[in-house]
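The values are calculated or read from the model by the stated rules, or taken from the named source; none is laboratory data. Here the structure is a predicted model, which is why all the values come from computation and not from measurement. Neighbour counts are summed over all protein chains in view; Cβ atoms, including those assigned to glycine, are modelled from backbone coordinates with ideal geometry. Remember, those area values only see protein heavy atoms, side chains included, never the ligands or the DNA or RNA. Shrake-Rupley method; radii C 1.70, N 1.55, O 1.52, S 1.80 Å.
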Amino acid sequence: MVGFDLGSVPFNSDGWGPPDSSVSVPNQISNAPFAPFSRSDKLGRIADWTRSLSNRPGSNSKQNPTDSAFDFSGDDSFATLTTDEDSSFRLVDTAAKSHHHGQHRPKFNPRWRFNPHNNRSQLPQRRDEEVEAKKREQEKERARRDRLYNLNRSGTNAGQRRESAVFKSSVDIQPEWNMLDQIPFSTFSKLSFSVPEPEDLLICGGLEFYDRSYDRITPKNERRLERFKNRNFFKITTTDDPVIRRLANEDKATVFATDTILSTLMCAPRSVYSWDIVVQRVGNKLFFDKRDGSQLDLLSVHETSQEPLPDVKDDINSAYSLSVEAAYINQNFSQQVLIRDGKKLSYDEPNPFATEGEEVASVGYRYRRWKLDDDTYLVARCEVQSVAEVNNQRSFLTLNALNEFDPKYSGVDWRQKLETQRGAVLATELKNNANKLAKWTAQALLANADMMKLGYVSRVHPRDHFNHVILAVVGYKPKDFATQINLNTSNMWGIVKSIVDLCMKLNEGKYVLVKDPTKPQVRIYEVPPDAFENDYVEEPLPEDEQVQPPTEDAQGAEANAAASEKEEKETSAEAA
C-alpha cells in the first residue's frame, strides 16, 4: 500500500499562523510574507503568479520572483478583496411567486383616490431613466433661457432677443429717401414729462352695455367665440378723420394723432417688430398718420418671446398669420361680451365713419386735447368699446383679448392654469407680449377708461385657427395695471414730447418714422410728397386685360410654333 507522508505541522501556542521560531518552518517558505487576518475575515488569494512587479516604483530588481508572488504589500486588491466580493453579492429571492395578483394589487377605492397622502409614487411603476434625463435637461435649458432673458432685459429694452430670427422692415426703404436722424431707444428711458389733465372736445358714436356674466366664465364652462361679420369696424387714420379735419381748421391744436399711433410711440422701447408712422408737416401743424394696411392695424403675438415663430408666412403659427388671427379675435370678442338687446348709450354725434343704415360695432370716440407747452396742443382720437353701470355710475371700458395658439410655445396651458395659477398665466403673457399689453394699457389711459377687460381666448385645437373659445375674462384698473407692468406715464409723455419737438423743427413736407427691424432704434426719413399714395392692394384684373409678356423674336416664335405642332401631333397619335 502506497503511503503519503503529511509531514509535521508545527503548533503555534502564541496565536494564529506559523510560529516565530524559524526552526520549525521549512526553508522553502521561511521568507514568504504573511498577511495577518482574524478568524472572521474571508480568506482570499494566497499567491498571484500572473502579475509583474518589475515596473512598480521602489521595487527591488534583486528580489526573488517567488517571494514577489506572495508579496501583497502595497497591493490594494488584497485589501479591497472583501469589498469587491460584497459589492458583487446579490440577494436572490427564491420564494415562489404567488399567482393571486389580486391580494397585492392597490385598491382603487374612493378613499384612496381622494386621499392627498396617497400619491402616484405608491403605485408600482418603473421610471425610464432616459425620459427622466431628458426632462432634467429641458428644465435646465428653460432655466437657462429665463436667466439669460432676465440678464439681457434692461429697464426699457429686452436686449439681444432672438438673435437667430430675421425680422423684415415694415416698409421698403427706397433709395431716394433721405435719412435725417436715428434715435436709439436707450435715450427714451431718461425722458420724463408731466402733462396736465386733458379736456374732452367731442364724443361720438354709441356704446352698448357690458354683459357681466362673462366675468364668471372659467375653463370648465367656456363659451364659443362668435363671429360678427355684419358689424363694421373702422381703422381710419388721422388725416382721413372728418372730425380731426374740422378741429384742425378751427385751430383747436397743432398736433393731431390717434390713440393707436400715440401708444406705439409711447411703448416704442418695448417693441421688437418693425413699425412705421407717417409724419406730415403742414404749416404749423403736425399730423401723425399710418399707411393703409399698416402693421399698426394688426396685433403682434409673441413679439417679446424668446422662442422664435416660424418664418413661413403661410404657416398658421407665423408672426403674420397670428397677427391677423389676433386682430379678428379682438374684434369679435369686443362685440360678444356686450348685451345685444338694442339698448345703447348714444352721444350727440353719431359714428363719423358710418353711413346711414349701416350696422357698426360698439365704439365711442373721445377727442381729447392735451397741453404740451404754451404754443403746442395735442388732439388725439381715443376709443372705448363699452360702458357699464356700477352704483348708478357709468364706467367706460376697453375690451381686448389675449389669444393662446399653442401651449408648446408658451409652456403654460391655459385650460389647466387659469383657475389655479392665473398670476402665472399673466406673467407669461407679460413676458411674451410685453409691447402689446403696454399699448393696450396706454390706450386705456389715453381714453380715461375706468376699467380694461382682458379676455383669455384659446383655439379649440392647436391646429385649428378658425374656431376659438373664451376661457376667462379679467378686469383691471388701467393705472394699477400700468404700475404692475412698470409702465411710467411721465416717461410715455416724455417720448411723445421729444418726438413732437424734433418733428416741429423739420421743414414742411412728409416724413416717416421707421423702427429698425434688428436694432433698438427708430429712424426718420424724408420721403417724397406722393409717397404711400398708391400703397394699396388692387383687385386682380381679368385675364384678357392683364399685361401680356413681350413679343418674341422671329426665331423664338418659329421654334415655339414647331414645338407646339410636334406636341399636337403626339397628342393626336396617342388619342388614335
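Overview of results
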quantity: Average accessible area per residue (Å²) across segment 358-480 - probe 1.4 Å, nucleic acids and ligands excluded; calculated: 39 Å²
quantity: Cross-link pairs K252/K505; K290/K515; K235/K519; K134/K417; K190/K252; K134/K408 - those with Cα-Cα distance over 19 Å; calculated: K252/K505; K235/K519; K134/K417; K190/K252
quantity: Rounded to the nearest 10 Å², the accessible area of Y476 at probe 1.4 Å; calculated: 40 Å²
quantity: Segment 225-275 - percent of accessible surface contributed by carbon and sulfur, probe 1.4 Å; calculated: 41 percent
quantity: Surface accessible to a 1.4 Å probe, M179 within the full protein complex, Å²; calculated: 90 Å²
quantity: Extended-chain gain in nm, criterion 0.36 nm per residue less alpha-carbon gap, N12 and R422; calculated: 139.2 nm
quantity: Relative packing of 209-219, 378-388, which averages over residues the other C-beta atoms within 10 Å, highest first; calculated: 378-388, 209-219
quantity: L345 paired with R227, simple spin-label distance in nm, labels 7 Å along Cα-to-beta-carbon; calculated: 3.1 nm
quantity: Trypsin sites (Lys or Arg not before Pro) restricted to segment 249-337 and DSSP loop, no more than 10 other C-beta within 10 Å; calculated: K313
quantity: Gyration tensor (alpha-carbon) shape descriptor, segment 249-400, a/c threshold 1.5; calculated: oblate
quantity: Surface per residue (accessible, 1.4 Å probe) for segment 238-278, Å²; calculated: 27 Å²
quantity: In nm, spacing of pseudo-spin labels at F4 and V282 (7 Å Cα→C-beta vector); calculated: 12.5 nm
quantity: Computed E for K371/E130 - FRET, C-beta separation, R0 60 angstrom, nearest 0.05; calculated: 0.35
